[in-house]
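Every number here is computed from the coordinates shown, using simple stated rules; none is lab data. Just so you know, these numbers come straight off a predicted model, no measurement behind them. Here Cβ is always computed from backbone atoms with ideal geometry, including for glycine, and neighbour counts include all displayed protein chains.
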């Protein structure tokens, strides 16, 4: 069972629910991305984009990842790095999903309890945070995306940065027939796997944020050119209810 430590510092608990994900081939560093913690009962998962863990078109094939956790106490400069393998004798260690629209760019990697440092300080989303009332999220709804764009973050305190966004497509409608929706925000590489949230002052007092989705990528990033799509600021995010399937 994972015990979430009481907060003894001024950082919003949302920031401690997110972590930077680094991918490796052996000891060779490959890429940096974003992720967040999701707890289902007694089990803890690291959630990120599936293409962070495996991307065949670019021949991105890491064999392990590292992510960060804060040590117990008020000193946010104290930090742990946790390493997890992505394969066990060739078997995938993460969970991924697909539906009638094809593969979904979300992955959940279970974190063994023995891999967690004693007293590690973090927060985690849970089933109660997933947005299920689709009609309650209106077009233009203000959102936050929390991650590590191009690796940028508070490197002293190991905290992510936050980008403001809005809902840019009909929430609850599968954009282009896929299990995702569109956000409008200036995003860069390294943000893949960031949670898409909105504030919920009437919800969970320990983590008052609703989890709407998982940021994946800028729209048409490969086919139309990075500079063009950066100017459009339109991104795909997968609906968070996929986590109910991935973590059951």
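Summary table below
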| read-out | value |
| --- | --- |
| Calculated P(r) of the chain - Cα pairs past 28 Å, % | 26 |
| Within a Gaussian network of the chain (alpha carbon springs, distance under 10 Å), most fluctuating of 232, 39, 133 | 133 |
| FRET efficiency for residue 150 and residue 170, using Cβ-Cβ distance with R0 set to 35 Å, rounded to 0.05 | 0.70 |
| FRET efficiency for residue 99 and residue 60, using Cβ-Cβ distance with R0 set to 41 Å, rounded to 0.05 | 0.95 |
| Spin-label pair residue 128/residue 199, simplified geometry with 7 Å Cα→Cβ offset, distance in nm | 2.0 |
| Gyration tensor verdict on the stretch 57-143 (Cα atoms; rounded if a/c is under 1.5, prolate if a/b is larger than b/c, oblate otherwise) | oblate |
| Gain in span if fully extended, residue 244 to residue 81, counting 0.36 nm per residue against the direct Cα distance | 56.0 nm |
| Gyration tensor (alpha-carbon) shape descriptor, the stretch 117-248, a/c threshold 1.5 | oblate |
| Cα gyration tensor, the stretch 142-195 - rounded (a/c under 1.5), prolate or oblate | prolate |
